[in-house]
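K.L.:
Mind looking over this structure? Questions follow.
The values are calculated or read from the model by the stated rules, or taken from the named source; none is laboratory data. Given the structure is predicted, the values throughout are model-derived calculations rather than measurements. FYI the Cβ positions are ideal-geometry reconstructions off the backbone, even for glycines, and counts take in every protein chain you see.
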Amino acid sequence: MEPQEYKFKIDAYTPDTLPMDRLAEYLMELSKLLGENPYVHFMRLEAGSTVIVQKIDSVALPKVRARTEAIKRGDAQISVMQAYKCINDMLKEDNTTGVLLESNNAEIIRFPGTQEKGQQIMSVRQQGEISGEVIRVGGKKEDVPILLDIEGKEISGCYAKREIAKVLGKHLFEPVRLFGIGKWNRNSDGEWNLFRFDIDNFEVLENISLSKSVFELRTLRGEWGSNALHELLELRNENNKAH
């Protein structure tokens, strides 16, 4: 497999008008977006608006392609989706749009920038944990629905395989901490809500105040600020330090 060039095209500038500090900011976020830093290299600027050309070593191509596909699906890691959003916000500030292309100009990822229509629904999928009181375990399918109570709010969307659900059923109306992979959706009002949580394991909590329990990647209220994805990541990191 040969190395491949990726091209990030910015419609607002030409190489003669793009400020050096702005170029550095775009390069930094592109580096976070593509990952595999030892194998991704800045090559040159091309004319035709502004085209930032990067070379990706063959050893890193499969992982870089997997990252870009995950971005398009909306289920890349939070830090990667944060880089995508940061680039898109920069394009908005520059009153333009952008696109990441293969060397043959096939589109990889489009950045709508100023053409973005309102608040779009976004999803993130992340390893996490939820603490709450088990109030229902039931269902005939292989994925058994688990209903939690967290601070008086019923939380659905949690599922466990039958073996785990059977054990969880013995702890009905007891506080537990669930571990697994969750998918959170951000709605048009800027709120993050749990869509689905697949339980891998759990632990029983003997003494817990649910007002202090960790609902990791919990719902975020208010406007979609520049640090929202960072807040999600920080919530996870803070809880990891507590263990």
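K.L.:
Please tell me if Phe111 is under 30 Å from Met90 (Cα atoms), aromatic (Phe, Trp, Tyr) and either surrounded by fewer than 19 Cβ atoms within 10 Å (Cβ to Cβ) or modelled with pLDDT of 90 or more (or both).
P.N.:
So Phe111 fits the description; yes.
K.L.:
While we're looking at this one, here's another question. Name the one entry in Ala60, Ala12 that is assigned to a helix (DSSP H, G or I) and of a type in the set (Gly, Ala, Ser).
P.N.:
Result of the check over Ala60, Ala12: Ala60.
K.L.:
Might you check whether a residue that is without any contact (Cβ under 8 Å) to a residue 60 or more places away in the chain, in contact with a strand residue (DSSP E or B) (Cβ under 6 Å, 6 or more places away or on another chain) and within 30 Å of Gly182 (Cβ to Cβ) occurs anywhere in segment 14-29?
P.N.:
no
K.L.:
If you don't mind, there's one more thing I want to ask. Mind checking whether some residue in segment 40-57 is surrounded by 15 or more Cβ atoms within 10 Å (Cβ to Cβ) and assigned to a helix (DSSP H, G or I)?
P.N.:
No.
K.L.:
Scanning for something among the polar types (S, T, N, Q), assigned to a loop (DSSP other than H, G, I, E, B) and not assigned by TED's automatic domain parsing to the domain that holds Val204, does segment 71-85 turn up at least one residue?
P.N.:
Scanning segment 71-85, I find at least one residue that is among the polar types (S, T, N, Q), assigned to a loop (DSSP other than H, G, I, E, B) and not assigned by TED's automatic domain parsing to the domain that holds Val204, so the answer is yes.
K.L.:
Condition first: without any contact (Cβ under 8 Å) to a residue 60 or more places away in the chain, closer than 24 Å to Pro19 by Cβ and surrounded by fewer than 17 Cβ atoms within 10 Å (Cβ to Cβ). Now tell me which residues in segment 70-108 satisfy that.
P.N.:
Lys92, Glu93
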